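Before any comments, here is the structure.
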Amino acid sequence: MDEPCLVIGVLDNGVEGLTPAALKGVQGADLVIGGGRTLELLRALIRADAECRDLTGCLPQVPQWVVEARQGHRRVVILASGDPLCHGIGGYLVEKLGRSAVLIEPNLSLIQIACARLKQPWQALRMASVHSRDAGEWRVGAGPEHGLHGVLQVLVREKLVGILTSPENTPGRIARMLLAEGVAEDFEMAVAECLLQDRECIHDWMDVTAVSQRVFAEPNVLLVRRCAVLEDPLFGLEDARFDQRKPDKGLITKREVRAVSLARLALQRDSLVWDIGAGSGSVGLEAARLCAQGHVYAIEKNTEDAAIILRNRANLRVTNYTLWQGKAPAGLAEWPDPDAIFIGGSGGELRELILLCLERLRPGGHLVMNFATLENLGTALDCLAASATVWDVTQLQAARSRPILEMHRLQAENPVWILCAEKSVPAVGSP
């Protein structure tokens, strides 16, 4: 093989937006691969004897096309949109062909051009893309299987996001998602239509409701910026921050126990977590805030508590959390295998739940359980002993200050056992 294939970024201004190196590359190519519209934009540059191939719907075949052409000592150019390494074909080709087989001649990203039109500094901007299959309208409580889940998690944790849209996954659809999640007032949006075309139009910053009701010309890109300040701490929320069932003290894992339990779950940013017997939702909702790129699946049998959980989810603006109202283990078969599991309540099915959790937990994952009775602790220890799982128990008893006349005393909380088990990682070569 001779020359590497040349991947050239092309915008809607066609030849006008190409560098001298890119122009020379197209003119000298024996095989030009690109989308139908991109090929047409550069038709005047492509030699009459050069072969053109439309890659629309044929992306998996492109690497083989390149290999075969290079084996025949043909010069190959691939036309991409904008910057080929920014949500484009460039990274895919490098992965399939190797770095030495690819040269990149980038162009401006449409997000960069949109920011320039709006005079918006973009050094801190986070890019996202929904330029793929039709994801459908957002459903509150949807999990990672939904095509908009990833972009929603980016939006709720970043200050400025640029989104490459598609004819189906439009600015209006993204705006309706923020409205459905109850966070629309935290953001404003701008839309850039048909950049570098005669019908280019920039829609300056608008509220989310206005965007949700409009249809914008294709192609377009969307900018979303946060206009509200996040006030809650990332970790260790006060018990009073959660609605709880009254008139009793409320079914909630207290802050001291919650903090230790969350620490023992050994969460990562992208962890998938189960919360069984969610109560007021305090552990699962805090876990979701910590796992900003992950998701929490929670189940609660009590109808009143389930309603409280949904209120807490909305009040905390947590979007990566799915609640199942029912009694475990019903419904758990539909959930993906977790990296971490918390059991706060078992509904009398503790032994069955532990065995199921140990089976479904991913290797290296952690199971954390809270118990207030000796009987439940004993049942759990019997299950873990029979499974040869590595485990440990921590008894935690906190005391909180309370006023008495002009002084303060300490009032003890109920002691809680925190039982932690880690699923072993199979040895290399084991079945």
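Straight Cα distances below 22 angstrom link Lys246 to the lysines Lys254, Lys301, Lys327, with same-chain residues fewer than 8 positions distant left out. For Thr319, neighbours were defined as the other residues whose beta-carbon sits under 9 Å from its Cβ, and their charges (Lys and Arg +1, Asp and Glu -1) total +1. Tell me, how many Å apart are the Cα centres for the stretch 376-431 and for the stretch 97-170? The two parts, judged by their Cα centres, are 42 Å apart.
Here the dipole of the chain is about 520 debye; that uses its Cα centre as origin and unit charges on the Cβ of Lys and Arg (positive) and Asp and Glu (negative).
Annotation note: chymotrypsin sites (Phe, Trp or Tyr not before Pro) in the stretch 197-286 located in DSSP loop regions with a Cβ neighbour count of at most 13 within 10 Å are Phe235.
Can you list the GluC sites (Glu not before Pro) in the stretch 197-297 that are in a DSSP coil and have 14 or fewer other beta carbons within 10 angstrom? All intermediate terms of the calculation are to be shown ahead of the outcome.
Working: sites: Glu200, Glu231, Glu238, Glu256, Glu286; in loops: Glu200, Glu231, Glu238.
Loop-located and lightly packed - Glu200, Glu231, Glu238.
In this rough spin-label picture, where each label sits 7 Å from Cα along the Cβ direction, the Gln268-Ala210 distance is 4.3 nm. For the chain, the convex hull drawn through the C-alpha positions has a volume of 187 cubic angstrom per residue. Within a straight-line Cα-Cα reach of under 14 Å, Lys119 can be paired with the following aspartates and glutamates, leaving aside sequence neighbours fewer than 8 residues apart in one chain: Asp204.
For the stretch 275-431, the equivalent ellipsoid derived from the Cα gyration tensor has semi-axes of 28, 22, 15 Å, listed largest first.
Dipole size of the stretch 58-122 about its Cα centre, with +1 on Lys/Arg Cβ and -1 on Asp/Glu Cβ: approximately 100 debye, rounded to the nearest 20. Separation of the stretch 45-76 from the stretch 296-314 is 55 Å, based on Cα centroids.
Percent antiparallel among DSSP beta bridges with both residues in the stretch 291-422, to the nearest 5? Write out the running numbers ahead of the final one.
Working: 19 of 28 bridges.
The antiparallel fraction comes to roughly 70 percent.
The residues of the chain expose, per residue, 49 Å² of accessible area to a 1.4 Å probe.
For n ≥ 4 DSSP H runs only, could you compute -39500 (n - 2.57) per run for the chain, divide by its residues and tell me the 222 nm figure to the nearest 500?
Details: 13 runs with 123 residues, N = 431.
Result for the chain, helices only: -8000 deg cm²/dmol.
Of the solvent-accessible surface of the chain, computed with a 1.4 Å probe and all protein chains present, 52% belongs to carbon and sulfur. Between the amide H of Gly365 and those of Lys423, distances stay under 5 Å, these residues lying 5 or more places away or on another chain, with hydrogens modeled in the peptide plane.
The values are calculated or read from the model by the stated rules, or taken from the named source; none is laboratory data. These numbers come from a predicted model, not from an experiment. In this analysis, Cβ positions are derived from the backbone assuming ideal geometry, glycine residues included, and neighbour counts consider all displayed protein chains. These area figures cover heavy atoms from the full protein model, side chains too; ligands, DNA and RNA do not enter into them. Shrake-Rupley method; radii C 1.70, N 1.55, O 1.52, S 1.80 Å.
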